[in-house]
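Report on the following structure.
Values in this text are rule-based calculations from the coordinates and carry no lab data. Here the structure is a predicted model, which means the values were calculated and not measured. Note that each Cβ is placed from the backbone with ideal geometry, even for glycine, and that neighbours are counted across all protein chains shown.
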Amino acid sequence: MELLGLLASAGPATAAANADSAPGLVFNGFWIVVAALNFVVFLAILQVFAFGPITRMLSDRRQRIEQGLKDADTARQERQAAAEEKQSIIQSARREANEIVAHAQKAAEDVRQRDLTAAQQEIERLHAQAATEIAAEKERVLGEVRGQIADLALLAAARVVGETRTSARERRLVQEFLSSTAPGGPAGPA
C-alpha cells in the first residue's frame, strides 16, 4: 500500500515535472500500476467466469473421451472373446456332426451287414428246402416210375406167358427186382 501511496504522490509531481521539461514520451507510474492492477483483476474475473468453466468443460470432455476409448477397448476385447467362443462352438459342432455322421454310417453298415447275413441265411434255408423238396419229388417220381415199370413188366410178362399174373407175390418179386437195379440199390450199378 505504501507503494501505491508513493506512486500516487509521485505521479502528479512527476507528470508536472515532465510536462515542463520536454514534450516527449512521458511514463506515468501511477497509471501503469493502475493498468496492471486492472489487468490482474480482469485476469482473475476471466479465470473465475471463463477459464474455470472452460477448463472444467475440457476436463469433462477429456474424461468422456478417455472413457469412450476404454469402452471401445473393452468392446473390442469382448468382440474378440465372442469371436473365439464362436469359433470354439463351431469347431465343437463340427466335431459332433462328424461323430453323428460316423455313428450313422456305422449303424447303416451294421444294418446292411445284418440284412445281408439274414438274406444269405434265407437263401441257404430256401436252397436247403428246395434241395429237400427236389429229393422228395425225385423219390416220389421214381416211385411212380417204378410202379409203372412194374405194371408194364407184369403186363409184358402176362402177354409173353399168355395169362394175367396179378398175385401179390409176383408183384413183390418185380418190386424187389426194380429196387435192386435202381441206382444206389444193393445190387444195382452205382
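Couplings 3J(HN,Hα) for segment 31-43, derived from phi with the Karplus relation 6.51 cos²θ - 1.76 cosθ + 1.60 (θ = phi - 60°), are 6, 5, 5, 5, 5, 5, 5, 4, 5, 5, 5, 4, 4 Hz, where x marks Gly and Pro. Remark: C-alpha extents of segment 73-171 on the principal axes read 129, 17, 9 Å, sorted largest to smallest.
Label separation (I32 vs L58): 3.2 nm, computed from points 7 Å beyond Cα along the C-beta direction. Legend: calculated FRET efficiency, A153 to A130, from the Cβ-Cβ distance at R0 = 45 Å, rounded to 0.05, equals 0.85. With the convex hull of the Cα atoms taken as the outline of segment 90-131, the averaged projected area works out to 2.2 nm².
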